[in-house]
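Q: My structure is below; once you've seen it, I'll send some questions.
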Amino acid sequence: MMYKSYTVEEAKKKLEYYCAYQERCHDEVFQKLKELNMIPQAIDIIIVYLIENNFLNEERFACSFARGKFRIKQWGKKRITNELKARNISNYNINKALKEIPEEEYFETFQKLVAKEWEGNPESNIRKKKKKIMDFLLRKGYESNIVLDAVYSLPEK
């Protein structure tokens, strides 16, 4: 089976488009270059080029990722942190990204999720219902202390 090989210039162009289309982290770009069968030296050259020309910016990626996952999927800070760590994003950039989420909006979204789950859950056993809501909120990545507070404040009937 023949693999298409790319020159460094061709790969640069491909990756410029890849990074311009959507924010990317270094890991995604590295994987993409490996898929293009680029040698390690070429990968290094291309990644440096992309960073220097602002196609690749890990801080920008982290901030965009955090805003998007919070606003679109309503993820909590723990889930966002874990997902960024899985992409080898530095703690500095993770902390900067979490600052992109306004506290007030964070708690407002959290409260709406609690209310929506409470209303929408058909479970008649209150303890089971609370457990399901708690599990849901923890999966979403909300901090256990606020999840417990919210679930304990739900009505008993």
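The values are calculated or read from the model by the stated rules, or taken from the named source; none is laboratory data. Computed from a predicted structure; not experimentally measured. Backbone-built Cβ (ideal geometry, glycine too); neighbour counts: all protein chains shown.
Q: Quickly run through the stretch 100-157 and pick out the residues that are among the β-branched types (Val, Ile, Thr), in contact with a Phe, Trp or Tyr (Cβ under 8 Å, 6 or more places away or on another chain) and either more than 17 Å from Lys73 (Cβ to Cβ) or at pLDDT below 95 (or both).
A: Ile133, Ile146
Q: Please verify whether the stretch 70-81 includes one or more residues that are under 26 Å from Ala11 (Cα atoms), out of contact with any strand residue (DSSP E or B) (no Cβ under 7 Å at 6 or more places or on another chain) and not assigned by TED's automatic domain parsing to the domain that holds Tyr142. Full working, then the answer.
A: Narrowing the stretch 70-81 to residues under 26 Å from Ala11 (Cα atoms): none.
Checked against the condition, which is being under 26 Å from Ala11 (Cα atoms), out of contact with any strand residue (DSSP E or B) (no Cβ under 7 Å at 6 or more places or on another chain) and not assigned by TED's automatic domain parsing to the domain that holds Tyr142, the stretch 70-81 yields no hits at all.
Q: On to the next question. When the residues of the stretch 22-52 are narrowed to those that are free of Cβ contacts under 8 Å to residues at least 12 places away in the same chain and in a loop (DSSP other than H, G, I, E, B), which ends up farthest from Tyr92 (Cα to Cα)?
A: Among those residues, the one meeting the criterion is Ile39.
Q: For Ala20, only one of the following conditions fails: (1) over 13 Å from the mean Cα position of the chain (by Cα); (2) crowded, with 17+ Cβ neighbours inside 10 Å; (3) among the hydrophobic types (A, V, I, L, M, F, W, C). What is its number?
A: The single condition Ala20 does not satisfy is (2).
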